[in-house]
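The structure under discussion appears below in the form of structure tokens.
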Amino acid sequence: MAISEDMHRVAHHLQKTAVAAAVNERDSYARSCYNRYYYSVFLQCREMLSDMDSSWSRMPHASYPDLLGGKVRRAFRTERIRASKSGDKDLVKLIDRACRSIAELQKIIVTANSTRVVADYEPEEKVDFVVADRFSLRSINVTEAHGWTISVQTHCRTILNVWRQSNA
Amino acid sequence: MLSGVEVLHELEEKGLRPVGLPIENPDKPNSYLIFLKRTYDKDGNAVPSKRKTDIAIKHLADKGVAVNVALLDDKASDLDKAVAALLAAKFPASVQSSVVSLENSE
């Protein structure tokens with residue numbers, strides 16, 4: 001978590017720098033800020049996946065949403081059937097929550113990565129400085145990007161908790 | 001592979017209007033990233049619906065193009081803010097060091 005927290009701090013620093021920067025510089029700072037917010041998301045997800053299965057830490061980041069929606073969700077479904085048969089209602093509830101977290105995490109990863117791609121590969125598409133201290137890129141407000149880290153942290157904890165219980 | 005403009009036309013034909021042009025995904029071949037704004041009608045139904053979105057994506061998948069959708073959902077974002085506010089009100093001490101401090105330092 002430490003590296004992703006550092007990444008979040010760097011992103012936030014870039015966010016504030018972008019707002020305070022001269023007009024000709026602020027676009028570059030703002031793009032970099034989206035890029036760092038994405039990497040904070042990516043690093044947390046990688047850490048979680050690595051805890052779940054060490055071989056997953058080497059998977060390309062673009063495969064994370066499919067991995068979560070495929071192997072991880074299937075493992076949870078199997079465990080849910082087992083828990084349901086044995087009458088473990090608490091575990092069933094936890095698994096349902098973890099499945100919702102998977103869906104939310106997939107959305108955040110795709111949105112964060114898509115915004116990062118626009119920031120890195122589409123320099124002609126300028127960051128929109130709408131109001132004094134806020135900006136957006138391709139309609140993704142920086143406030144939303146700022147919130148990715150804590151949302152991902154919550155979802156990763158939920159998923160990892162169920163994974164550990166299922167594989168204990 | 002279809003160009004970004006062609007992908008956009010295909011999506012529009014299926015009733016989807018993404019924000020901006022589809023972007024080629026640098027991490028996956030034959031893959032595009034799109035940003036899609038989701039709104040809600042007066043009955044609370046999502047527009048475009050998940051079904052309509054899935055049909056359009058399947059249509060492009062049949063043509064060999066994978067599409068990843070970044071959803072811009074104002075309602076979900078409002079809900080996140082509402083949950084954060086509720087947590088801050090109910091558990092001020094424990095939330096102070098996470099949600100609230102992040103928001104304040106933003």
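Taken together, the values in this text are just the output of simple stated rules run on the coordinates, not laboratory data. Small disclaimer: the values here were computed from a predicted structure and weren't measured. Virtual Cβ from ideal backbone geometry, glycine too; neighbours counted across all protein chains shown.
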Paramagnetic reach from residue A:62 in the stretch B:1-30 [backbone N under 13 Å; point 7 Å along Cα→Cβ]
B:23-30
As a footprinting exposure proxy, order A:142, A:110, B:19, A:117 by other Cβ within 10 Å, with the fewest listed first.
B:19, A:110, A:117, A:142
For the protein assembly as shown, what is the percent of antiparallel DSSP beta bridges, rounded to the nearest 5?
55 percent
Return A:7, A:59 ranked ascending by Cβ neighbour count within 10 Å, so the fewest neighbours appear first.
A:59, A:7
Tell me the label-point distance for the pair residue A:125, residue A:2, using the 7 Å Cα-to-Cβ offset, in nm and rounded to one decimal.
3.7 nm
Whole-number D in µm² s⁻¹ for the stretch A:1-159, Kirkwood Cα-pair radius fed into Stokes-Einstein, 10 °C, 1.306 mPa s:
95 µm²/s
Once the cut-off is 19 Å, how many percent of the Cα-Cα pairs in the stretch A:1-80 end up in the long-distance tail?
50 percent
Using 0.36 nm per residue of separation minus the Cα-Cα distance, give me the extension gain between residue B:13 and residue B:50 in nm, one decimal.
11.7 nm
Once phi is turned into θ = phi - 60°, what whole-Hz ³J(HN,Hα) does the Karplus curve with 6.51, -1.76 and 1.60 give for every residue of the stretch A:101-108, x standing for Gly and Pro?
5, 4, 4, 5, 5, 4, 4, 5
The rounded separation in angstrom of the Cα centers of the stretch A:86-135 and the stretch B:17-47 is 13 Å
Value at 222 nm in deg cm²/dmol, rounded to 500, when DSSP H runs of n ≥ 4 in chain A each add -39,500 (n - 2.57):
-25500 deg cm²/dmol
Run the quick spin-label model on residue B:61 and residue A:82: label points 7 Å from Cα toward the beta carbon, then report their separation in nm to one decimal.
2.8 nm
Which of the residue pairs B:28/B:52; A:107/B:14; A:85/B:42; A:93/B:28; A:71/B:42; A:126/B:28 have a Cα-Cα distance greater than 30 Å in the structure shown?
A:85/B:42; A:93/B:28; A:71/B:42
Taking a cut-off of 15 Å, what percent of all Cα-Cα pairs in the stretch A:76-140 are separated by more than that?
66 percent
Please state, rounded to one decimal and in Å, the Kirkwood hydrodynamic radius that the stretch B:4-73 gives when every pair of distinct Cα atoms enters the mean of 1/r.
12.3 Å
Here P(r) for the protein assembly as shown, Cα-Cα distances in 5 Å bins, as whole percents, is 1, 5, 11, 15, 17, 17, 15, 10, 5, 2, 1, 0, 0
Which residue, chosen from A:146, A:33, A:72, occupies the Cα position most advanced towards the positive end of the dipole of the stretch A:2-166, where the dipole is computed from +1 (Lys, Arg) and -1 (Asp, Glu) charges on Cβ about the Cα centre?
A:72
Inverse of <1/r> over all distinct C-alpha pairs of the stretch A:104-168, i.e. the Kirkwood Rh in Å, gives 13.6 Å
Nearest-ten-degree value, helix A:73-85 long axis tilted from longest Cα axis of chain A:
40 degrees
